[in-house]
Amino acid sequence: MNARQKRLFEESLKKNPNLKMPSVDHQPPGELTDEDLVGDKTGRPQTASSTSADAGDEAPADQVGSVMTYFEEKGFGFLRPDAGGKDIFFHVSRLHQGQATELVPGARVSYDLGMDRNGKIAASSVRLLPPAEPVKA
């Protein structure tokens, strides 16, 4: 890891103290991988990788929130976590379940946290949740 990458990681660590330093030689379960990065990956080689759930490891809990803004022409937007805190950036390429046309303000989503190409916190593996049914009295 070069000095710039380390500095970016340390800045991200201040915003999210739960991040772990990715190792170069070995990726233990739960560490960030290339799949955790969001944004345009056309320059990256596409590899078939298994998720930690497929490997029998315990998967981290999904974050839940709602879409605050989505810029369809640009392919990105921001999510507001239910647990509070800063809004989270997401890119449409990380949408794993649902259609991009359903990314409207107020839409409920679950997501995993990752880092974008610049080392900033971003949502990865975004999944649209079904609308909540009204409670009958």
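The values are calculated or read from the model by the stated rules, or taken from the named source; none is laboratory data. Because the structure is predicted, anything quoted here is derived from the model rather than measured. Reconstructed Cβ throughout: ideal geometry from the backbone, glycine too, with neighbour counts over all protein chains shown.
Observations on the structure shown:
- Residues (among the basic types (Lys, Arg) and under 17 Å from Leu8 (Cα atoms)) located in the stretch 99-123: Arg117, Lys120
- Within the stretch 106-121, being touching a residue at least 60 places away in the same chain (Cβ under 8 Å) and not in a loop (DSSP other than H, G, I, E, B) holds for Asp112, Leu113, Gly114, Met115, Ile121.
- Odd one out for Val104, checked against (1) crowded, with 16+ Cβ neighbours inside 10 Å; (2) at pLDDT below 90; (3) not polar (S, T, N, Q): (1)
- Condition check for Thr51: touching a helix residue (DSSP H, G or I) at 6+ places or on another chain (Cβ under 9 Å), outside any helix (DSSP H, G or I) and either at pLDDT 80 or above or farther than 21 Å from Ile121 by Cβ (or both): no
- Scanning the stretch 67-105 for residues that are over 17 Å from Ser124 (Cβ atoms) and part of a strand (DSSP E or B) yields Met68, Thr69, Phe71.
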